[in-house]
Amino acid sequence: MRALFKLFGLVCSVMLLVALWPADAHGEDRSFEITNVEIRARIDRDGNMHVTEYDTYRFSGQFNGILVNLNSRASDGIEHFQA
């Protein structure tokens with residue numbers, strides 16, 4: 001009978017631990033949103049497009065920056081990039 005109480009106590013303890021354990025114990029609460037985008041594009045006489053893009057971000061939590069993938073397929077490439 002004593003072993004049954006110990007087993008019941010152990011099962012209850014494990015269930016309580018699982019119920020109280022954070023869903024993502026190692027994750028951070030963080031998010032971001034883009035609140036404004038302004039794109040200016042101009043095509044010169046040689047057919048080159050000159051693009052200036054201004055993005056405004058709102059961050060919540062710790063961030064080191066943003067990665068943006070620029071797709072240059074079907075073009076001659078990207079020159080004079082600044083960020």
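Rule-based calculations on the coordinates, nothing more; no lab input. Note that this is a predicted model, so its numbers are computed, not measured. Note that we place each Cβ from the backbone using ideal geometry, even for glycine, and neighbour counts take in every protein chain shown.
Of all residues in segment 34-62, those being surrounded by 10 or more Cβ atoms within 10 Å (Cβ to Cβ), over 19 Å from Gln82 (Cβ atoms) and of a type in the set (Ser, Thr, Tyr) number 1.
Taking the residues in segment 55-83 that are part of a strand (DSSP E or B) and not polar (S, T, N, Q) as candidates, determine which candidate is farthest from Arg30 (Cα to Cα). Working first, answer last.
First, the residues of segment 55-83 that are part of a strand (DSSP E or B): 55-60.
Next, from what is left, pick out any that are not polar (S, T, N, Q): 55, 57-59.
Working: Asp55: 19, Tyr57: 13, Arg58: 11, Phe59: 8 Å.
Per the stated criteria, the residue is Asp55.
The number of residues in segment 63-83 that are surrounded by 10 or more Cβ atoms within 10 Å (Cβ to Cβ) and either touching a residue at least 12 places away in the same chain (Cβ under 8 Å) or on the phi > 0 side of the Ramachandran plot (or both) comes to 2.
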